[in-house]
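**Q** Below is a structure I'd like to ask you about.
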Amino acid sequence: MKNEKSWGNIYFLLTIIFVVTIGAVIFIIQNKTNSIISDLTMQRTQTANLELINYLLEIEVRASLRSETMANSKIIIDDLKNGDFNSIDKDIYEFSLGVDYITICDPDGIVIYRNNNGSTGEDVSSQITVSTILQTGKKSSLISIVPTTGSIAICSGTPIYSGTTFMGVLCCIIDLTRNEYLDTFKERTGCEATIFMGDRRINTTLIDKNKQRAINTVAEFAVSKTVLENKKTYTGHLELFGQQYGACYSPLVSGDQVIGMLFTGIKTDSIDENQKIMNRWVYTASLLGLAAMVLFTVLTNNFSRKYSQAIRDLSEKTVASRAKSEFLSTMSHELRTPLNAIIGMTAIGRNAADTEQKNYALNKIDEASAHLMSVINDVLDMSKIEANKLELSMIEFSFAQVLQKIMTIISFKAEDKRQKLSVNIDKNIPDRLIGDDQRLAQVILNLISNAVKFTPEDGEICIEAHLLGENDGVCELRIEVSDNGIGISPEQQKRLFSVFVQAESGISREFGGTGLGLAISKRIVEYMDGRIWVESELGKGSRFIFTIKARCGHDSQAEERSGETRASHRPGEFAGRRMLFAEDVAINREILLTLLEDSGLIIDCAEDGKEALGMLEAAPGLYDIVFMDIQMPQMDGLEATRRIRAIEAELRSASIASSFTKGETRAYDGDLRKGIPIIAMTANVFTEDINRCLEAGMNDHIGKPVNLNEIYEKLRKYLA
C-alpha cells in the first residue's frame, strides 16, 4: 500500500511536471507566434512604404512626359514667340490631362504664364527645378516645396528652345496636398498614408476623433527626430488618433535635402484582439490539462499543428503577395514605359512641322511598339508554360543558320555599346538538326540580350556551342554565353530562374525587363530534355550554360526550304484574283488594304460574319480566298465559316457545283470537295484557338499583329 502511494505521488508529480512543461511550451509558442505576426505586420508596412515611393515616382514620370511633350510642341513655341497667351491657354489645355498646374517663365525666371490663376511677373529663378534648368539647360524633375503656396508638389520642368534659342522653362506641377493621390494609393494597397512637410501632415488618409482628415497635425517627437534629424526610416507600433497602427516613416528627399516624411500604416486593433483571444485559449487549455493529461496532450498537439500550419500559410501568403506586388509593379513599368513613349511621340509627330521630325517620332513609336509586343509575348509564353500548353514544332533546320540570324538581330545593340561579339561553333555539330528552331533561338537570343544589357561599353561577349555526344541519332549540345559584365552574387543566382523574379528588385529599374525571360528559357530547355545553369561572380562577368537534345537531320533539301523567306513581293503578283476580307475594326481593314495595295488583289470588305456570308451567297464563285476575323458582332468568324461549309456541302449533295464555278477558273478550280480557302486572321493565337478555327472548317491561321511575309506565304500557298 505504501509503495502504491509512493508511486501515486510520483505519477502525480510527473503529471504536474508534464503539464507545466507542456503549458510552458505552449506559452512560448504563443509568444513566438505573436512576435511573428507582429514582424509580418511591420514587413507589410515597410513594403507599402516602398510602394508609396514608387507611386510618387510614377506620378513624377507622368509630369515629366507632359512637360517634355508641351515644351517640344511647335504650336506652343509659336504661341510664345508671337506672345499669343490666349492661344497658349487653349493649346496647353489639350496636353494638361493628369497635371494640376502649368507655369511658363522666361530665360530670367520671370513667370509669363500660369494656367491656374493667371498671375505673372513672379521671379521663380530660385525655385530648385527652374534654377537647375537655367543653370544646366537640361530638364529637371523632383519633389519640392512650392514657395508661393507653401505646399509640397512634384515639379517637372523642361527647357523651351526655338531652334537654338532658349526661350524659357515650362513646368508641370502636381500638388500632393490634393486628396485624390493618397486616396488612390489607399485603394490600391489598403494601407493608410500620409505626406509630411517637415513634421506637419499636409495630406493624409488618417481620420481624427472628429471624423475629419488629420491635416496640419504633427508627428511624434521620436519619429521626427529619427527621420528628419537622423535621416533614417522609423518603424514601430504607435497609437494615432485613438487607433493602434503598425507604422513606417521614411524621409521625403528633395535633391539632397530632407523636406518631410512619408508614412504608411496598418491598423492592428483587430490583430491585438485576436492575439488576446488566442492567449485566453492557451490558459484555458493549460487548466484543462491538469484534470485530463491525455486529453490535454491530444488537444495541445492538435492545436500546435494547426497553429504552426497557420503561421506557415501566413508566411507563404506574405511572400507570394510580395512577389506578386513586385511583379505587378515591374510589369506596370514595362507596359507603361512604351505606352507613354507611343502616346508622347504620337503627340509630337502629330504636331511636327517637318518630315524629319515626324519620321523620328514614327521610328520611336515603332521601337516602343516592338518592346511592348515582346513583353506581351513573354507573358503569353509564361501563361502557356504554367498551363502546360507550350508545344514544340519539330522541323529540320540549320543550327549555324539559327546562330547567324541571332547575330544579325543582336549585333546592332552590341555595336551601340562598342561591345565585341565572338562565336565559336564545334565543327562536329551536324549540319542539320530536327527540333524547334524558333524556341531554341528564343533561348539563345534571351541569354545574349541579357549579356549585352548587363555588360558595360567596350565589353566582350562570347557564344560557344559544343557537341557533347551522339546516341541513336540524338545529339546532345552544350551552348554557353559568357560576358565580362556586372556578374551575379550566389544569393541572386538561387532565385534567378524563378518565375516573375529578377536578380534584385533594382535591376528592373536600372536595366528594365519583366523578369520572365530566364524562367521561360529554363522551361523551354527542359522541354528539350536539357538543363540550364549559371556560373558567375560579382564584378567578374557571367557564363550561362544550357544543354539540349535534338535528332540529327538528313534532308539535304531542307535548308533551302526552312531558310526560304520569300521576302520580296512582286507587284501585281495576284492580279485578277479576288479576296473577301471580313473584319469589324476599320483600322485593321485599312492596314491590310494598304499592305496588299500593290499585290494586284481585288479586295472586298465585310464588317462582320453575317455580311460576309451574305456576300458569298450572293456571288458564288466570285471570290478566290477569304480572310476571316474571329471576334465580330452579329456573327463571329467561326459561325460564319461553319455556315459557308454547310452551304458548300448542300451544293455538293445537290450536284449543282457548276453554278458555284461558272465563269473563269478560280484558284481552287471549283472543287467543292475542298471549298473556298478561308484563313483566320485573329489575335487569338493559342493552340486551342487555332484548333477551334480548323475544327470550324478554316484552312489556316494568321496571328495578329500581322506579318507581311506570312500573309504572302499564305496567299501563295492557296492561290498558286
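The values are calculated or read from the model by the stated rules, or taken from the named source; none is laboratory data. Because the structure is a prediction, the values reported are computed rather than measured. Backbone-built Cβ (ideal geometry, glycine too); neighbour counts: all protein chains shown. The accessibility values were calculated without ligands, DNA or RNA, using every heavy atom of the protein model including side chains. Shrake-Rupley method; radii C 1.70, N 1.55, O 1.52, S 1.80 Å.
**Q** In nanometres, what is the gap between the two model label sites at ARG716 and LYS420, each 7 Å from Cα along Cα-to-Cβ?
**A** The two pseudo-label positions are separated by 4.1 nm.
**Q** Past 21 Å, Cα to Cα, is the threshold; run LYS417/LYS540; LYS453/LYS704; LYS610/LYS717; LYS186/LYS267 against it and keep the listed order.
**A** Pairs exceeding the cut-off: LYS453/LYS704; LYS610/LYS717.
**Q** Within the range 410-506, what whole-number % of the accessible surface is contributed by carbon and sulfur, with the 1.4 Å probe and all protein chains included in the calculation?
**A** Roughly 47 percent of what the probe reaches on the range 410-506 is carbon or sulfur.
**Q** Could you tell me which residue out of PRO251, ASN216, THR184 lies farthest along the dipole of the range 116-254 toward its positive end? Charges go on the beta carbon: Lys and Arg +1, Asp and Glu -1, centred on the Cα centre.
**A** Of the options given, the answer is PRO251.
**Q** Taking the simple approach of a point 7 Å from Cα along Cα-to-Cβ for both SER498 and LYS704, what is their distance in nm?
**A** 3.8 nm
**Q** Ignoring everything but the protein chains, give the 1.4 Å probe accessible area of SER498 in square angstrom, nearest 10.
**A** 50 Å²
**Q** Tell me the relative contact order for the range 140-259 as a rounded percent, counting alpha carbon contacts under 8 Å between residues six or more apart.
**A** Contact order relative to length: 16 percent.
**Q** Under a 1.4 Å probe, what is the accessible area of the range 189-276 per residue, stated in Å²?
**A** 48 Å²
**Q** Okay, moving on. Rounded to the nearest whole Å², what accessible area per residue is found for the range 44-129 with the 1.4 Å probe?
**A** Values: 4110 Å² over 86 residues.
I get 48 Å² per residue for this part.
**Q** Given charges of +1 on the Cβ of Lys and Arg and -1 on the Cβ of Asp and Glu, with all other atoms neutral, how large is the dipole of the range 58-134 about its Cα centre, in debye to the nearest 20?
**A** Approximately 100 debye in magnitude.
**Q** Given 0.36 nm per residue, what is the gain on full extension from LYS90 to ARG570 after removing their alpha carbon distance, in nm?
**A** Gain on extension, LYS90 to ARG570, equals 167.9 nm.
**Q** Another question about this same structure. For ASN691 and LEU57, what is the calculated FRET efficiency with R₀ set at 51 Å and r taken between the beta-carbons, to the nearest 0.05?
**A** Step by step, r from the Cβ atoms, then E = 0.70.
**Q** If I take every Cα pair under 8 Å that is 6 or more residues apart in the range 26-156, average their sequence separation and divide by the length, what percent do I get for the relative contact order?
**A** Working: 113 pairs, mean separation 20.9, N = 131.
It rounds to 16 percent for the range 26-156.
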